[in-house]
Amino acid sequence: MLSLYVHIPFCRRKCAYCDFASYPYSSAAMEAYVQKLCREIADYRERAGLQALNTVYIGGGTPSLVPERLLENLFEQIRDAFDVLEDCEITLEANPGTFARREAEGWRRLGVNRVSLGVQALDDELLQRIGRIHTEGQAEAAVRNVQDAGIRNVNLDLIYGLPGQTLPAWEDTLRKALELGPTHVSAYQLINEENTRFRYQLLEGKLPALPDEDTALAMEERAADLLEASGLRRYEVSNYALPGFECRHNITYWQCLPYLGIGCAAHSDLFGRRYGHTPSLSGYLEEEIPARLEEAYGTDRQERMFERVMLGFRMTRGVDLGRFRRDFGTGPEALWPESYAYFEREGYARTDADHWALTDAGMRIMNTLLVRLLSEAERKGGG
Ligand code: SF4
């Protein structure tokens, strides 16, 4: 079973803080791009045979900009090339301000059963400050349009640590978001990425300062308190869901299960072999058929074991020990005995029969723990 990611790299306008592969939208470019996606999917089918799909994620960029006719072509191609399982989770990322109820109804007809909305903040001043194209009112209308179209599973992406944002302002966004009845909320801290308009604006003093570290930490804790009090359980460092609404697609990444990425900037991890597409739109469009399976490279065992722990630790359920032992023929307690004992002794991790998971205290210093693990692995030089 496979998860499929399809990247749509077009946006109406670049948000100030964004460093994703995204390009200005034009209908001609979108048309050519979706045709190329369909060719890439057909080519994969020819090489790999029929595979079952467990999740599909149309991400971007702004997938809600894809016109219905082209989205139909894309879904037709996906259903032709794969065995899309009956309970397949099919997510489409949408940007408030780019669609109405009619479009959401079209997505549902095509089989989309989960919409992830880039709300970010429910505060017009902050939205404008970070260069979003939508308003608070449009975000609220967008959630209602999706729900009224019959798609109940709605994720709201929120960002905290915005320039000039206070703790009460963040709480206000969280409360308003919860009133909209999401099944899932992702709450990420803003990253001040290099080479973004945002970074230059901050350096030039054109934006209020970012909240300090203590405030950002308080924001994270407040998110956990308010979301969990509303029944959204934290199941990953930055992700909360009602029971049964955890994002199956993203869990695929955190569990290091196989996924296929189609489109520019997309990456694939297919049964231990990987490849990635160029982030360049013209590069992707001009290549005959990008990233053939034959070009995939194998990954180092040591690297894969560490990655399994690094990503598994992000989830509250932790690393699946049974699968780890089956895949690598050994367990973390034998591979990294010093770190393993230290994590348990200090109360940073706990182990039950099936999982090795960080405690709340461990989650707070996850990076430090991973560095410790990595240096033990490097000292031993193998696995
Ligand atoms: S909508 Fe998303 S992908 Fe597009 S520019 Fe904004 S943050 Fe980046």
Considering Cα pairs under 8 angstrom that are at least six residues apart, work out the relative contact order of region 301-380 and quote it in whole percent.
31
How big is the shadow of the Cα convex hull of the chain, averaged over all directions, in nm²?
19.3
Calculated over region 180-253: convex hull of Cα atoms, volume per residue (Å³)
132
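With a 1.4 Å probe and all protein chains left in place, how much accessible area per residue does region 301-380 have, in Å²?
On the way: 4130 Å² over 80 residues.
Accessible area per residue: 52 Å².
Given the DSSP H assignment, sum -39500 (n - 2.57) over each helix run of at least 4 residues in the chain and divide by its residue total; what's the result at 222 nm in deg cm²/dmol, nearest 500?
So the helix-based figure for the chain works out to -13000 deg cm²/dmol.
Carbon and sulfur atoms: what percent of the 1.4 Å accessible area of region 2-253 do they account for? Don't jump to the answer; show the numbers that get you there.
On the way: 4870 of 10550 Å².
Roughly 46 percent, rounded to a whole number.
In whole percent, and with a 1.4 Å probe on the protein chains, what portion of the accessible area of region 301-380 is carbon and sulfur? Please report the intermediate quantities before stating the final value.
Details: 2010 of 4130 Å².
Whole-percent figure for carbon plus sulfur exposure: 49.
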For A353 and R379 in one chain, what is 0.36 nm times their gap in residues minus the Cα-Cα distance, to one decimal in nm?
6.5 nm
Mind checking the per residue accessible area of region 237-296 for me, 1.4 Å probe, whole number of Å²?
41
In units of 2.2 N^0.38 Å, the Cα radius of gyration of region 301-380 is 0.97
Inter-site label distance for R317 and H267 at 7 Å from Cα along Cβ, in nm
2.3
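Quick one: accessible area per residue over region 159-208, 1.4 Å probe, rounded to a whole number of Å²? The partial results should precede the final answer.
Values: 2450 Å² over 50 residues.
Computed with neighbouring chains in place, this is 49 Å² per residue.
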Net +/- balance of residues flanking Y57 in space, Cβ distance below 11 Å, scoring K and R +1, D and E -1:
0
What does the accessible area of F245 come to, in Å² to the nearest 10, when a probe of 1.4 Å is used?
50
Isolated cysteines for the chain, Cβ-Cβ cutoff 4.7 Å, are C11, C38, C88, C247, C256, C264
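In a shell of Cβ-Cβ distance under 11 Å around D269, excluding D269 itself, what net charge do Lys and Arg (+1) and Asp and Glu (-1) give?
Numbers: positive: R273, R274, R304; negative: E307.
Charge balance near D269 sits at +2.
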Simple spin-label estimate for E125/R69, 7 Å along Cα→Cβ, in nm, reads 4.5
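The values are calculated or read from the model by the stated rules, or taken from the named source; none is laboratory data. Fair warning: this is a prediction, and the values are worked out from it, not measured in the lab. Note: ideal-geometry Cβ built from the backbone for every residue, glycine included; neighbour counts use all protein chains shown. Ligands, DNA and RNA are excluded from the accessible area calculation, which covers all protein heavy atoms including side chains. Shrake-Rupley method; radii C 1.70, N 1.55, O 1.52, S 1.80 Å.
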